[in-house]
Amino acid sequence: MVSFAYVAATEEFSPKDLLDFALEAESYGWDEVWASDHFHPWSPRLGHSPQAWVFLGIIGSKTNRLILGTSVTAPIFRYHPAIIAQSFATLGYLFPGRIFLGLGTGEALNEIPCGYQWPSFKERFERFEEAVKIIKLLWEKEHVSFKGKHYTLKNAKIFDKPSKPIPLIIASTSPKVSELAGKYADGLMTLQVSEERYKNVIFPSFEKGAKESNRDISKLDKLILLHAGYDSDFKRAFEALKPWKPILLPFLFNYPIYDPREIGSYEEMVSDEFLMKNFTIFTKEDEIINYFERFIKLGFNRIGVSVSGDVKGFLKLCGEKVLPYLRQNSK
């Protein structure tokens with residue numbers, strides 16, 4: 001059975017709006033809520049950045065069945081991996097079986113403002129792998145000591161552990177991190193790329209990592225994080241997506257560019273045509289169904305979508321029409 005998630009874009013909406021959207025999602029039968037985990041938004045036009053873990057705690061207390069997690073948390077600088085392990089153990093303790101932790105290698109946007117340097121991918125990957133090991137050790141063992149290149153633990157222990165294990169999800173579009181997901185994680189989260197990249201790069205690397213660790217790949221989840229615009233009026237949906245233009249520039253993810261004001265100034269570098277090519281815009285039910293079906297056929301069993309525009313209208317339409325149809329026809 002495919003699980004469907006509303007992705008709360010903490011960069012785009014206030015905490016109050018996100019809370020309202022999450023409650024709507026549960027009422028309309030969505031299965032999960034994921035929250036992006038940012039210190040800053042991508043641009044002043046987006047204009048928000050509530051703390052994701054606090055938000056998830058509130059959502060957990062006000063809902064009954066939603067699966068909740070981050071998409072994604074970076075365990076490399078501003079969050080020490082031991083604090084991440086402790087925080088999500090607490091969430092898992094309070095909401096048993098409803099919490100997962102999504103991890104990624106991070107963005108300069110969130111780390112440099114907190115006083116850290118933005119290192120090479122090599123160092124970020126080293127830090128990331130050590131962090132994953134630390135989090136798993138703290139969840140699974142009693143007193144943990146760890147001496148790595150970047151992190152150290154001395155007889156650390158999480159005293160309040162959840163009754164049910166917390167699934168660990170690793171986000172990746174690269175072969176190296178996808179392989180790491182296969183080795184350590186309970187699932188791989190990725191973004192919208194070409195079908196060829198899924199089939200020839202991401203999935204084979206994920207499977208390679210699982211095989212090397214003697215893990216059954218069929219028991220690991222495949223998650224896709226999508227972003228779309230929705231409104232019954234195409235133009236309004238398109239306009240709602242425009243503040244996201246800068247994230248289509250690859251150099252933002254590779255260089256120490258961190259000030260939302262600077263990033264926002266790059267919006268004019270992205271044409272309307274390029275935006276339309278890289279984001280999907282929905283105005284009606286059958287467009288959403290056809291779009292989701294593409295990813296179900298590719299093998300994704302958890303589909304998350306962040307939506308700009310008429311969020312409540314999208315949640316309602318999907319809850320009443322799209323999700324029931326897909327659940328009935330994707331078994």
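Rule-based calculations on the coordinates, nothing more; no lab input. Note that this is a predicted model, so its numbers are computed, not measured. In this analysis, Cβ positions are derived from the backbone assuming ideal geometry, glycine residues included, and neighbour counts consider all displayed protein chains.
With the cut-off at under 12 Å, measuring from each backbone N in the range 31-67 to a point 7 Å along the Cα-to-Cβ line of Leu249 picks out 43. Distance between the C-alpha centres of the range 171-207 and the range 271-292: 24 Å, rounded to the whole angstrom. Here Thr70, Thr63 are placed in order of increasing Cβ neighbour count within 10 Å, fewest first, which gives Thr63, Thr70. When you filter the chymotrypsin sites (Phe, Trp or Tyr not before Pro) in the range 145-229 for DSSP loop state and at most 11 other Cβ atoms inside 10 Å of their Cβ, you are left with Phe159.
Rg ratio for the range 152-262: its Cα radius of gyration over 2.2 N^0.38 Å, N being its residue count, equals 1.41. All alpha carbon pair distances within the chain were sorted into 10 Å bins beginning at 0; the resulting P(r) in whole percents reads 6, 26, 37, 25, 6, 1. Phi angles across the range 107-119 convert, under the Karplus curve 6.51 cos²θ - 1.76 cosθ + 1.60 with θ = phi - 60°, into 3J(HN,Hα) values of 9, 4, 3, 9, 9, 4, x, 8, x, 9, 7, 9, x Hz, Gly and Pro given as x. When the helices of the chain are scored as -39500 (n - 2.57) per DSSP H run of n ≥ 4 and the total is divided over every residue, the value at 222 nm lands at -11500 deg cm²/dmol.
Of Phe146, Ile202, Met1, which is farthest on the positive side of the dipole of the chain, counting Cα position, with +1 on Lys and Arg Cβ, -1 on Asp and Glu Cβ, and the Cα centre as origin? Final value for the positive-end residue is Phe146. Using the Cβ-Cβ distance between Val54 and Lys316 with R0 set to 30 Å, the FRET efficiency works out to roughly 0.70. Taking Ser36, Ser163, Ser172 in turn, the Gaussian network model of the chain (Cα-Cα springs below 10 Å) assigns the largest fluctuation to Ser163.
About its Cα centre, the dipole of the chain is roughly 1160 debye, where the only charges are +1 on Lys and Arg Cβ and -1 on Asp and Glu Cβ. Pop a pseudo-label 7 angstrom from the Cα along the beta-carbon direction at both Cys114 and Val193 and give the gap in nm to one decimal. Between Cys114 and Val193, the label points sit 2.6 nm apart.
Distance between the pseudo-spin-label points of Asp221 and Ile296 (7 Å out from Cα toward the beta carbon): 1.8 nm. The residues neighbouring Ser178, those whose beta-carbon lies less than 12 Å from its own, together hold a net charge of +3 under the Lys/Arg +1, Asp/Glu -1 convention.
Checking the a/c ratio against 1.5 first, then a/b against b/c, what shape does the Cα gyration tensor give for the range 179-238? Judged from the Cα gyration tensor, the range 179-238 comes out prolate (a/c at least 1.5, a/b above b/c).
The ranking of Asp20, Asp310, Asp286, Asp186 from fewest to most other beta carbons within 10 Å of each one's beta carbon is Asp286, Asp20, Asp186, Asp310.
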